[in-house]
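Working notes, beginning with the structure itself.
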Amino acid sequence: MSNNTKDIIFIGKKPLMTYVTAAILQLSILPSITLKARGLSISSAVTVAQIILKRTNTFKLGDIKIDSESLDSLDGKKRNVSTIEIPVNRIEQQVGN
């Protein structure tokens, strides 16, 4: 996957369907995108991916990556925050028999 920012959707606190719509729009012009989230937004990213897969039959998931990042909190302490990357790819259509 390229490092093009258009193929990455960062999941946050907006309504889920906002991210679903953005993902489907990007997948209409790109062969694949990546849903990225961290912390409490991870469950939202998983839900967005599941909505995309269940509502259409034209996408599949790639290899999901999980990790953690060390961030400085407001009180100056280091905190570990979990992250997830979920690749969503368009399924190649097979041409007739």
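Quick one: pull the percentage of alpha-carbon pairs in the chain with a separation above 19 Å. Here the tail beyond 19 Å accounts for 44 percent of pairs. Extension gain for D75-E92 works out to 1.2 nm (0.36 nm per residue, less the C-alpha to C-alpha distance). Excluding same-chain neighbours fewer than eight residues apart, the aspartates and glutamates reachable from K65 by a Cα-Cα span under 13 Å are E85. Helix-only arithmetic for the chain: the sum of -39500 (n - 2.57) across DSSP H runs with n ≥ 4, divided by the residue total, places the mean residue ellipticity at 222 nm at -8500 deg cm²/dmol. DSSP finds beta bridges in segment 5-90, and of those with both partners inside it, around 85 percent are antiparallel. Residue separation of T83 and L16 scaled by 0.36 nm, minus their Cα-Cα distance, works out to 22.3 nm of gained length.
In the calculated pair distance distribution of segment 36-89, what percentage of Cα-Cα distances lie above 15 Å?
54 percent
Less than 13 Å Cβ to Cβ from I52, Lys/Arg counted +1 and Asp/Glu -1: what total charge do the surrounding residues give? Before the final figure, lay out each step's value.
Numbers: positive: K54, R55, K60, R90; negative: none.
Net of charged neighbours comes to +4.
When peptides 20-29, 73-82 are ranked by their average number of other Cβ atoms within 10 Å per residue, the highest-first order is 20-29, 73-82.
No lab work stands behind these numbers, since they all come straight from the coordinates. This one's a predicted model, so the numbers in the text were calculated from it and none came from an experiment. Neighbour counts are summed over all protein chains in view; Cβ atoms, including those assigned to glycine, are modelled from backbone coordinates with ideal geometry.
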